[in-house]
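The values are calculated or read from the model by the stated rules, or taken from the named source; none is laboratory data. Predicted model only: the values in this text are computed from it and were never measured. Note that we place each Cβ from the backbone using ideal geometry, even for glycine, and neighbour counts take in every protein chain shown.
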Amino acid sequence: MGDTLQRTLTIAHTVAFPTTERERERRRIAVMCLPFLVLAVFAGFVPLATMARMSLSAERLSNEGWSLEAWKTLTTDSTYWWIGFNTLWFAAAATLVSVAVGVAIAHALEKYSLPFENAIVAVVSFPIALPGIVVAFMVIVLLGRQGLITQAIAVFSGESAVSLATATTIGGLFLGYVYSLIPRATMVLRGTYAEVNTDAEEAARSLGASPLETFVRVTLPEIRPGIVAACILTYRSALAIFGTVLILQGGLVVVTLRIDRELSIGFNSQMAGAIGLVYVAFLIAFTFVGLRFVRTDAVEI
Amino acid sequence: MQNEHSITMTSKTDTETGRTEAGSTRTTSNTGAETNTDETGTPDTETDTNTDTNTNARADGGTPANSTDDPWTDAGGSPSALLGRPVVVGVVVLTVAVLVVPIVMTFVSSFARTATGALPSGFVTLSHWRHVLGLGDYGVRANAVPGLTFSIAIATGGMVLNVLVGVPIAYALSRYDFYARDWVNTLAILPLVPGVVLGIAFLRTYPERGGSALGLIVGYCLLKSPYMVLTVQSSFQSMDLERLEESARSLGASWPRTFLTVIVPHAKQGILAGCVITWTLAAAEFNFTYMVHTGDPEPFSMFLFRNISNAPYLQSAAAISIYFCIVVAAILFLQLIGNRGFTTARN
């Protein structure tokens, strides 16, 4: 104990007053990392700690007193388990679809000489810039009462557009998720595809493998790390979606929406804090476990 | 024989059969110089010349796959050779359509007079744009200008802070190896806290300042910092940092001077790209803003939210189109400095 403390103090001292080049390098690293760490502490860790305290507070409006009430409700009330379950499966389904479509787009961009390739990349990356509420409006433009697809189906089937509108159903919500996730998945996979060694694919093709066999047996193993990275990043983004759900509702309560409702109905801040803490803990654990299976340089957003 | 072969290959590229794809990729994979020209998006004519030179190069002892006369005949009849490429291209076309059509539709209908029918009609009117831009007697709350000005100022503040915070850590992470480097790296390149949660945490931690301009700047900076760190990092990774640094040091520059006048200017492209991306994202950040904002001046994203949730369809379309214009400008600028789209991935 005393030894460790002394060693830490020695390191701290040499960082502050270096005498050798190695110690100077250590000081440089510390100086370069410092601004970010200060930001992370004051804007990230301190607020998170305060939120943890908030979940244990006896008062709603300020952190005073101690109470385990919120945590008791969170663990015993089955509503919250269902919300967690809904969030996880819905995000997982949207992730799978988005990554599959992302593989197709990245494959086509890399392997086929498509016309207007630059424009396609620009267009596919466009939704990354859109906040969730705008994505919700895009879904309304397609599937709302005046939506293009709704109107088209109404013309062909003769039913009224109002009964055909699906923007505010779970299907519309799914489109919203996929709309904002496909671009992210595609951009991660494009980086992976650029590094694929084409020699093996050519060899497989020339030895008589069909394009599908070549893809499954040669290309897929090569891009697997990229697919895993894309799944992790896309799933994280899917779990964090809020604006889209807030506008569309879609009959599905996900974690972010529930946090908002806890605050907007009765300002139940302890409950919101408890949900938020579990949610962030899950995200962090998922990220660190997930990234053990990927090289970090596959990470792109 | 070789030339004839290459001609059949390129002409096949136009027909939509799956089996020519291997042929066309192969032609660009041999020489590094050709690969570069191809990646910058060469038109078809140039691909033809590539094919010729490459085929000749392979005849001098390139990949053995080329030695047989027609290596693709065996799998020619398989269903994936016939259908694979059309199906994949179909998926791409459908996806691009789903992504683009609502954007274009929104922009176009912002100029329409009525939206009661199947398609908006009554072109062209600028009244919705005048409304959201505040060029009429609609009152202050109805237009985007005050919110947009406020949000642009906040986003610029967040961007500047991001440069100060993101560039040094990106350098430390790409140049040095140190204790807990992987942990710091993950922390820096992944947004660990989602906007909604950060918002409620901010409100309780800084009750006075959470929703103020300073609170928003700091929040945006933390939420968007991964984009800055990633773009700058990929710039640094393409440079020989150690050699650059040692050359400058051996010529007598101090370490801070080396960093500021040699390293940072070399990463200019990455820093600019990071600035554009973080700025654009912060200008319309919603999740965090929704949780912490406290009235006037109302940020731009809250203006958008109010419009989307309860304004007439065409007016919402005009409000959102303002942001589309910003994103298009951002993407064009990014393409100008070498990125192909709104992404941290470099080409």
Of the criteria (1) at the interface with another protein chain (Cβ under 7 Å from one of its Cβ atoms); (2) touching a Gly at 6+ places or on another chain (Cβ under 8 Å); (3) not aliphatic (A, V, I, L, M), which one B:K224 fails: (1)
So in the stretch B:316-347, with the set limited to residues that are in a loop (DSSP other than H, G, I, E, B) and among the aliphatic types (A, V, I, L, M), which one is surrounded by the most Cβ atoms within 10 Å (Cβ to Cβ)? B:A345
Sole residue being within 20 Å of B:R85 (Cα to Cα) and assigned to a helix (DSSP H, G or I), chosen from A:T234, A:T186: A:T186
Restricting attention to the stretch A:92-138, and to residues there that are in contact (Cβ under 8 Å) with a residue 40 or more places away in the chain and among the hydroxyl-bearing types (S, T, Y), which single residue is nearest to the other protein chains (Cβ to nearest Cβ)? A:S125
How about the stretch B:99-119: which of its residues are within 26 Å of A:A129 (Cα to Cα), in a loop (DSSP other than H, G, I, E, B) and not small (G, A, S)? B:F111
By my count, helices (runs of 4 or more DSSP H) wholly in the stretch B:213-276 with at least 3 residues that are of a type outside the set (V, I, T) and over 28 Å from B:P194 (Cβ atoms) are B:241-250, B:255-258
Against the conditions (1) in a helix (DSSP H, G or I); (2) modelled with pLDDT under 90, where does A:L181 fall short? Just the number, please. (2)
Would you mention how many residues in the stretch B:238-283 are without any contact (Cβ under 8 Å) to a residue 12 or more places away in the chain and aliphatic (A, V, I, L, M)? 3
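Do we find a residue being without any contact (Cβ under 8 Å) to a residue 24 or more places away in the chain, part of a helix (DSSP H, G or I), surrounded by 15 or more Cβ atoms within 10 Å (Cβ to Cβ) and of a type in the set (K, R) anywhere in the stretch A:20-27?
yes
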Restricting attention to the stretch A:31-61, report how many residues are more than 8 Å from chain B (Cβ to nearest Cβ) and among the polar types (S, T, N, Q). 2
From the list A:S67, A:S163, which residue is surrounded by fewer than 17 Cβ atoms within 10 Å (Cβ to Cβ), farther than 29 Å from A:R224 by Cβ and touching a residue at least 24 places away in the same chain (Cβ under 8 Å)? A:S67
Of the residues that make up the stretch A:52-72, is at least one assigned to a helix (DSSP H, G or I) and farther than 21 Å from A:A281 by Cβ? no
